[in-house]
Each structure stands twice: as structure tokens, then as C-alpha cells.
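This report refers to the structure that appears directly beneath it.
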Amino acid sequence: MAPHPEAAALLARSHRLGADPRNTNYAGGNTSAKGTATDPVTGGDVELMWVKGSGGDLGTLTEPGLAVLRLDRLRALRDVYPGVEREDEMVAAFDYCLHGKGGAAPSIDTAMHGLVDAPHVDHLHPDSGIALACAADGEKLTAECFGDTVVWVPWRRPGFQLGLDIAAVKEANPQAIGCVLGGHGITAWGATAEACERNSLHIIRTAEEFLARHGKAEPFGPVLEGYEPLPETERRRRAAALAPHIRALASQDRARIGHFTDSGVVLDFLARAGHPRLAALGTSCPDHFLRTKVRPLVLDLPPTAPLDEAIARLTELHAEYREEYAAYYRRHALPDSPAMRGADPAIVLVPGVGMFSFGKDKQTARVAGEFYVNAVQVMRGAEAVSAYAPIEESEKFRIEYWALEEAKLRRMPKPRPLATRVALVTGAGSGIGRAIAHRLVAEGACVVVADLNAESAAAVTEELGGADRAVAVTVDVTSEEQIAEAFRAALLAFGGVDLVVNNAGISLSRPLLETSARDWDLQHNVMARGSFLVSREAARVMIAQGLGGDIVYIASKNAVFAGPNNIAYAATKAGQAHQVRLLAVELGEHGIRVNGVNPDGVVRGSGIFAGGWGAQRAAVYGVEEEKLGEFYAQRTLLKREVLPEHVAAAVFALTGGDLTHTTGLHVPVDAGVAAAFLR
Ligand code: NAD
């Protein structure tokens with residue numbers, strides 16, 4: 001069924017507003033429309049409100065993302081409202097106002113939309129609007145900027161009372177088109193969808209122009225000598241060198257994924273004398289600090305300080321950060337407050353280098369970083385015309401540890417087994433590696449698709465759903481420098497590395513007398529030497545992170561089974577297999593487990609088989625090449641063909657959390673080949 005015309009217009013308006021980040025932060029704000037529909041029960045008219053539900057983003061809002069409520073019932077809640085002390089109870093009452101199945105869960109801002117007497121309402125979080133909302137003299141500046149067309153509403157935690165406040169402001173100011181909500185954002189209204197959108201954009205753009213026209217040139221103060229950004233290559237190397245140490249600090253309570261940005265906004269902020277004072281004040285808009293935490297951790301050393309010194313100082317500052325966070329919790333917690341949720345920072349700022357942000361997955365980490373950039377713009381605007389004055393710490397606590405916020409967190413689905421783990425899979429552009437990358441992403445991991453073939457790595461990354469799940473890196477595992485660069489790319493993409501799969505491989509099937517020294521070297525360079533180099537780099541990162549880790553080798557049945565015409569391939573596979581045992585011994589003390597998988601006869605999807613090896617093996621065994629998979633199946637104990645997914649399942653079994661006490665093991669995935677039994 002087509003959406004009601006008012007709902008359709010609302011979706012279109014939301015998309016336009018949400019498409020421009022100057023209008024609202026990601027997933028921030030909500031919009032609504034009121035209209036008349038036919039009540040299927042009575043056949044008569046019913047007044048409804050469509051409002052963006054809890055969660056989701058304006059830019060991509062769809063009809064199921066709207067909550068649909070009956071306006072008469074929603075407004076009747078005023079008569080039973082028990083007062084601000086018990087305003088949270090009204091949220092449960094929204095469920096009794098739903099029309100039909102009601103669509104998405106109504107958000108806390110539903111009251112604001114319903115109680116304001118206007119057919120269309122937008123509540124947004126534009127940086128320019130929040131800058132006025134967070135200026136020390138925001139009320140005066142709002143009047144200067146807008147005259148009496150936009151009214152100041154003092155800070156109040158979102159909820160039923162804020163809805164009543166705004167409704168009263170609108171009633172008392174019939175000339176007004178909207179309001180600035182102290183410490184928070186803006187709300188605009190209109191008689192038509194067009195008028196509402198026009199009013200929202202007018203408030204946002206007028207605030208932007210006001211800040212530009214009246215603002216001072218250097219709101220963050222002069223450049224701090226020595227804190228200027230490092231040149232790009234040096235900056236990224238420094239960021240990658242710091243990343244595993246910073247992730248270790250940010251993951252003290254629980255492992256988290258990282259995101260790094262060195263955007264101009266961040267680097268300029270960190271290069272200025274005012275940044276330590278402003279960063280300490282923390283963020284203000286509730287949307288911002290729920291993701292960024294009340295304040296960031298800021299390294300107080302220039303980017304030229306020796307790396308060891310920077311790491312030691314970050315460690316000290318982190319210990320202080322945790323103590324201060326616990327003290328903040330103790331200062332404000334009431335007997336019925338939810339337990340402290342962890343004291344690690346979500347945002348770590350490194351002058352001259354950039355910003356690391358952390359979250360339970362890549363999207364959350366990235367959005368936390370984006371919100372801190374929003375907060376920097378807010379500080380810039382507020383300082384340009386006044387002084388940045390975020391809401392009180394006690395109010396931030398009331399939101400961070402709000403029972404409704406806690407309930408929302410409890411409703412979140414259970415994390416998948418590999419959530420918060422970053423995997424790097426070599427040779428993931430094809431065959432077995434591709435299947436492994438798919439499985440790891442399906443189990444919640446972030447995956448670095450590392451392959452010699454840039455095109456296939458990019459294609460697999462695309463299949464996996466893009467940058468919040470996977471990134472592609474081009475790497476030749478025979479090159480130390482390229483491996484180091486691939487790990488740097490992984491560190492900058494996801495903050496760390498926890499799981500490395502040595503899968504890249506090539507294969508030549510030749511009798512001894514036809515195997516050249518070059519063949520031998522090539523096979524050994526890619527496999528035994530390549531995986532040694534990758535494991536060494538992996539261990540460097542994992543040891544620095546201190547979060548343990550997994551290294552998995554895709555060896556082969558041929559590592560144990562002596563088949564014909566296979567000297568170079570099988571010998572290097574045996575070399576890889578023994579690396580599993582050697583490294584399991586050496587890395588155990590760091591909590592790094594090293595295991596192997598021995599596949600056999602994975603014909604389908606394998607580039608190795610398609611690229612000549614299949615034809616050679618078929619000739620050796622005297623079967624047609626297309627029948628090779630079947631031939632391999634028939635010589636197994638289970639008479640089953642082995643597919644790339646079966647190898648991927650073994651990798652997951654080894655790393656998914658059940659085999660925490662297993663290292664140095666090889667799992668055969670060959671449908672049963674007695675000659676390759678391990679003993
Ligand atoms: P595949 O050819 O489909 O995939 C191998 C990938 O490795 C390719 O994308 C290739 O570009 C990449 N690669 C090759 N050289 C590289 C290098 N120098 N640096 C980085 N990447 C490189 O092969 P597959 O069958 O999926 O094999 C994957 C692994 O499994 C190999 O190590 C192979 O020896 C092993 N294995 C395969 C089978 C099988 O039956 N297919 C059996 C046992 C073991």
C-alpha cells in the first residue's frame with residue numbers, strides 16, 4: 001500500500017534535510033507530519049501523526065522507520081501527565097497511542113512533535129544551531145540573530161516536559177517559526193511540509209551566516225608551536241605506530257574497534273592553543289556525548305616527541321582518565337542508577353596526528369569520530385561569537401545513565417562471536433580466502449581483504465558490504481615493505497589487528513626433474529616465507545595491543561601426505577605447517593594462538609585449480625579436469641566434495657571463541673583422507 005500522502009511528503013523532506021550534514025548529524029534529529037486518515041474500524045476520519053521513530057537516520061528514513069500515533073490520544077496524555085519528576089512514565093504511554101501496529105518504536109522526542117500545535121515539525125542538530133545553543137550568552141545571541149522569529153528555550157533533558165515547554169513557547173509567540181534549544185539543537189515548525197522545511201533551513205543558514213559574520217578569525221586561539229600537523233606520510237606512519245597501543249588502552253574494559261581520522265578540522269583544532277581547555281569541557285548535544293563520552297583523552301605532547309615517550313604518556317593519561325571517569329560516576333550516581341559502563345575513552349586526540357575513536361563495531365567507532373568533528377565545529381562557532389558553555393556535567397550524567405538509555409542498550413541484539421575483532425586475510429580475493437573473508441564478516445569481524453590482485457580484493461570488499469565491514473589492500477606477501485604497509489592500512493582502517501589468516505598461495509605441480517630452482521623459490525617465497533613475514537608483522541601488532549590474537553595457516557593435506565609431482569608445493573606447505581607449531585610455542589605467552597587448516601581438493605572457486613593446477617592434477621590422476629572435484633570426493637572417506645565454505649568453517653571453529661584453549665593444532669578439511677591422518 002502506498003504511504004499516506006503526508007507520510008510520503010515527510011519522507012521526502014527528511015531525505016532532503018538528512019542529505020546535508022550541515023543540517024543534522026548522522027542519525028540525529030527527527031521530523032513529523034500530522035494529517036487525517038480514514039479509521040478502518042469506524043470508517044470515519046482519524047487525526048494521525050507520523051514521526052521518525054527511535055534509531056535510524058533522516059537521510060535514509062523509510063516508511064517502517066516512522067511511528068504512527070493517534071493525535072487525540074497523544075494529546076490526551078497532558079491530562080494524566082504526573083509532572084517532570086515522573087515524565088519518563090509517559091514513554092510507556094506512547095504505546096497506547098499507536099495507530100494500528102504503530103510502525104517503529106516512538107522515540108523520546110515524540111511528545112515534542114505531538115504537543116507542538118503545528119502540522120509539521122522538524123527537530124534537528126545542526127552544528128551552527130548547536131553553536132548558538134552552547135554559547136555562554138546563547139539567549140542574547142539568538143535574539144540578535146533572529147529577532148523574535150526564533151525563541152530561546154533553556155536546556156532541559158528531552159522528554160514530555162520539553163515538549164510542553166516548546167508547545168507553550170509556540171503558543172506565546174505566534175510570530176515564531178522555531179526555537180533554539182539551549183545546549184542541544186533546534187526545532188522548527190510550519191503549516192505545510194514546505195514551510196517547515198523552509199523554516200528549518202532558514203534557521204540553520206541564518207545561524208551559519210551570523211557566526212561567519214560576527215565570529216572572530218581564530219576562535220581556537222593561535223597556533224601552538226610544535227603542534228602543527230606532521231606531513232601526511234609521516235603522520236599516517238605515526239598514527240599506525242600508535243594505533244595498537246591506543247587500542248589497547250581504549251579496550252581495557254572490553255575490546256573495541258577503532259576509527260582514525262586526520263581531517264583538517266581535527267588537525268587545526270589540535271594545533272591551536274585553546275584545544276586543551278575546550279576538549280576538557282566535553283561535548284554538549286546529547287547525541288554527541290552518548291557516542292563520544294563526556295570528554296576525550298588528549299595527548300599533551302607534540303607529534304615530534306619520541307614514540308616511546310608518547311606511548312608512556314598516553315598510558316599515564318589513560319589511567320588518570322579512568323580515575324576521573326569513575327569519580328564523575330560516583331559524583332552523580334543515585335542508588336538506582338545503572339552500573340558504570342566502562343571508564344575507557346571513546347575519543348583519543350593526538351596533536352599533529354589526528355583522532356582515534358572507538359566503538360563496539362566500525363560504524364559506531366566511525367560515528368563517534370564524526371560526532372566529535374561536529375562537536376569541534378560547535379565549539380568553533382560558540383567560541384567565535386562568545387564562549388563555549390556546554391550543559392552541566394550532572395545533566396550529562398542524567399542522560400548517559402538515564403533508565404531509558406539503559407533500556408535501549410539492553411534491547412540491543414547480542415553481539416556476534418567475532419564482533420570487535422579485526423581480521424586480515426591474505427589471498428582473500430579468490431577461492432578459499434574469499435570464503436574465509438565472507439564467513440568472518442558474517443560472524444561480526446571487520447576484515448582486511450589483502451591480495452596481490454587489487455581488482456579481486458576490491459570486488460570481494462564490495463561483496464562484503466563496504467568500508468564499515470571490510471577494506472581492500474594490495475599486497476605481495478613476498479615483500480616485507482608491502483606487508484608492513486598492509487598492516488598499517490589495517491591499523492588505520494580498524495584500529496588494530498586480532499586475527500590473521502595466512503592463505504595466499506600459488507601452486508605448481510611438477511615432477512622433481514622438471515622443477516626449476518625458480519619454481520622452488522617462487523613457491524617458498526609466497527607460502528613459507530610469505531606467511532613467516534606476515535606472522536612476524538601480525539605478532540608485532542598483537543603483542544603491542546596486548547589483546548591476544550589468532551594466527552591461522554591454510555596449509556594443505558600435502559603438508560603431511562606425500563603425493564606425486566609435488567616437491568616444491570608440498571615441501572613449502574610442510575614448512576608452513578611446522579611454522580604453526582613453532583609459533584604456537586613462541587607466541588603462547590602473549591595469548592596468541594596459532595593453528596592450521598589442512599584442506600584438500602577444493603576445486604570449486606579456486607583460482608589455483610582454474611589456473612593450470614587442475615589440469616596438471618587431472619593429468620596426473622588420469623581424469624577429465626571437470627570431473628576432478630568428483631574424483632577427489634570419491635577418494636575420500638566421506639565421499640563428499642570439499643568447498644571453500646568448509647575451509648572457512650574450520651577457520652571460524654578455531655577462532656570463534658569455543659576453542660580458547662587450543663593452539664598448535666591442524667584441522668583437516670578433506671572429507672577424510674586416511675593417508676593424511678595426523679598422528
Ligand atoms: P586461489 O588462487 O583461488 O586464491 C589464492 C589467492 O592468493 C589469489 O587471490 C591470489 O591473487 C593470491 N596470491 C597469490 N600470490 C600472492 C602473493 N604473493 N601475495 C598476496 N596474494 C597472493 O587459491 P585457493 O585454492 O583459494 O587457495 C588458497 C590457499 O589454500 C593456498 O594457500 C592454497 O595452497 C591452499 N590450499 C588450497 C587447496 C585447494 O584444494 N584449493 C588445498 C589445500 C590448500
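For the range 536-565, filtering for residues that are assigned to a helix (DSSP H, G or I), more than 14 Å from the ligand (Cβ to nearest atom) and over 24 Å from the mean Cα position of the chain (by Cα) leaves 3. Among the residues of the range 278-285, some residue qualifies, meaning at least one is open to solvent by 10 Å² or more (accessible area, probe 1.4 Å) and closer than 29 Å to S107 by Cβ. Hey, can you tell me all the residues within the range 108-137 that are surrounded by fewer than 24 Cβ atoms within 10 Å (Cβ to Cβ) and touching a Phe, Trp or Tyr at 6+ places or on another chain (Cβ under 9 Å)? If the condition is that a residue be surrounded by fewer than 24 Cβ atoms within 10 Å (Cβ to Cβ) and touching a Phe, Trp or Tyr at 6+ places or on another chain (Cβ under 9 Å), then L115, D117, A118, P119, A136 are the ones that fit. Residues satisfying the criterion are absent from the range 346-355 (criterion: outside any helix (DSSP H, G or I), out of contact with any Ser or Thr (no Cβ under 6 Å at 6 or more places or on another chain), among the β-branched types (V, I, T) and open to solvent by 30 Å² or more (accessible area, probe 1.4 Å)). When T572 is tested against the conditions (1) near the ligand (Cβ under 10 Å from one of its atoms); (2) over 22 Å from H646 (Cβ atoms); (3) within 35 Å of the chain's Cα centre (by Cα), the lone failure is (3). Evaluate the range 252-262: report whether one residue or more is at pLDDT 95 or above, surrounded by fewer than 22 Cβ atoms within 10 Å (Cβ to Cβ) and assigned to a helix (DSSP H, G or I). Scanning the range 252-262, I find no residue that is at pLDDT 95 or above, surrounded by fewer than 22 Cβ atoms within 10 Å (Cβ to Cβ) and assigned to a helix (DSSP H, G or I), so the answer is no.
The residue list E208, E234 contains one member that is more than 23 Å from L491 (Cα to Cα) and either in a strand (DSSP E or B) or open to solvent by 30 Å² or more (accessible area, probe 1.4 Å) (or both), which is E208. The test for being open to solvent by 50 Å² or more (accessible area, probe 1.4 Å), touching a helix residue (DSSP H, G or I) at 6+ places or on another chain (Cβ under 9 Å), among the small types (G, A, S) and outside any helix (DSSP H, G or I) does not hold for A472. Is it the case, given these coordinates, that G28 is open to solvent by less than 70 Å² (accessible area, probe 1.4 Å), under 27 Å from S284 (Cα atoms) and small (G, A, S)? Considered against the rule, which asks whether it is open to solvent by less than 70 Å² (accessible area, probe 1.4 Å), under 27 Å from S284 (Cα atoms) and small (G, A, S), G28 comes out as yes. Of all the criteria given as (1) more than 14 Å from the ligand (Cβ to nearest atom); (2) in contact with a strand residue (DSSP E or B) (Cβ under 7 Å, 6 or more places away or on another chain), the one not satisfied by N502 is (1). Summed over the range 406-439, residues that are open to solvent by less than 20 Å² (accessible area, probe 1.4 Å) and either more than 16 Å from the chain's Cα centre (by Cα) or near the ligand (Cβ under 10 Å from one of its atoms) (or both) total 11. The set of residues from the range 43-71 being acidic (D, E) and outside any strand (DSSP E or B) comprises D57, E63.
The values are calculated or read from the model by the stated rules, or taken from the named source; none is laboratory data. Small disclaimer: the values here were computed from a predicted structure and weren't measured. Reconstructed Cβ throughout: ideal geometry from the backbone, glycine too, with neighbour counts over all protein chains shown. Heavy atoms of the whole protein, side chains included, go into the accessibility calculation; ligands, DNA and RNA do not. Shrake-Rupley method; radii C 1.70, N 1.55, O 1.52, S 1.80 Å.
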